[in-house]
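Enquirer: Let me begin by handing over the structure; questions about it come next.
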């Protein structure tokens, strides 16, 4: 189902992580060499998403990284770039394209970028459902993930989760019990 962009791409809002969002602890599977040698905060964030399968966890679908830094020309927009593109499939067999825009701790996502990600996904992957995601470091081990949707008034944040990457030793018994009590979206 293709989403069309309504409104101006020149009008956009900045998106910041919420302050009162509960954290989910996830055992950190990021190789130490990646953390040590990442050349930018954005690339480190994208690697952490990949190695810890956070896109899968957040969306609830099986995802595969298709391409980093996809650059393409989109009709009516010109040159568009997104940080990473995933494709995925859910338990019913529905297939998705998931453009991901990543920002470091001191940067902000904006809805104009998300609109361009949606346009890119719709043009280059017309048979797939688009689920645009934003990712941002809150601190060195805490990552905010946002899912957006396109509405009649533009892009809106649909949901947000925070994931804290920890050593397995930090996964105490009370954490899994607390998670069992939370409702599934």
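No value in this document is a laboratory result; all are computed from the given coordinates. What you see is a predicted model; the values in this text were computed from it and never measured. With ideal geometry, Cβ positions are generated from the backbone for all residues, glycine too; neighbour counts draw on all protein chains shown.
Enquirer: Quick one: pull the percentage of alpha-carbon pairs in the range 27-137 with a separation above 24 Å. List each step's numbers first, then the result.
Expert: Details: 1453 of 6105 pairs.
That tail contains 24 percent of the Cα-Cα pairs.
Enquirer: Arranged by the count of other C-beta atoms within 10 angstrom, fewest first, what order do 64, 24 take?
Expert: In increasing order of surrounding Cβ atoms, one gets 64, 24.
Enquirer: Report, in degrees rounded to the nearest 10, the 0 to 90 angle that the Cα long axis of helix 41-51 makes with the longest principal axis of the chain.
Expert: That works out to roughly 70 degrees.
Enquirer: Please report the spacing between the Cα centers of the range 84-103 and the range 138-174 in Å, no decimals.
Expert: 16
Enquirer: Going by C-beta contacts inside 10 Å, put 92, 156, 71, 116 in order with the fewest on the left. Walk me through the intermediate numbers first.
Expert: Numbers: 92 6, 156 14, 71 10, 116 24.
Exposure proxy ranking, most exposed first: 92, 71, 156, 116.
Enquirer: 222 nm [θ] for the chain, helices only, -39500 (n - 2.57) per DSSP H run of 4+, per residue, to 500? Show your work: numbers first, answer last.
Expert: Numbers: 5 runs with 45 residues, N = 185.
Helices in the chain give a 222 nm mean residue ellipticity of -7000 deg cm²/dmol.
Enquirer: Moving on to the next point. How long are the three semi-axes of the equivalent ellipsoid for the range 12-81, computed from the Cα gyration tensor as the root of 5 times each eigenvalue, in whole Å, largest first?
Expert: On the way: eigenvalues 125, 69, 42 Å².
Here the semi-axes work out to 25, 19, 15 Å.
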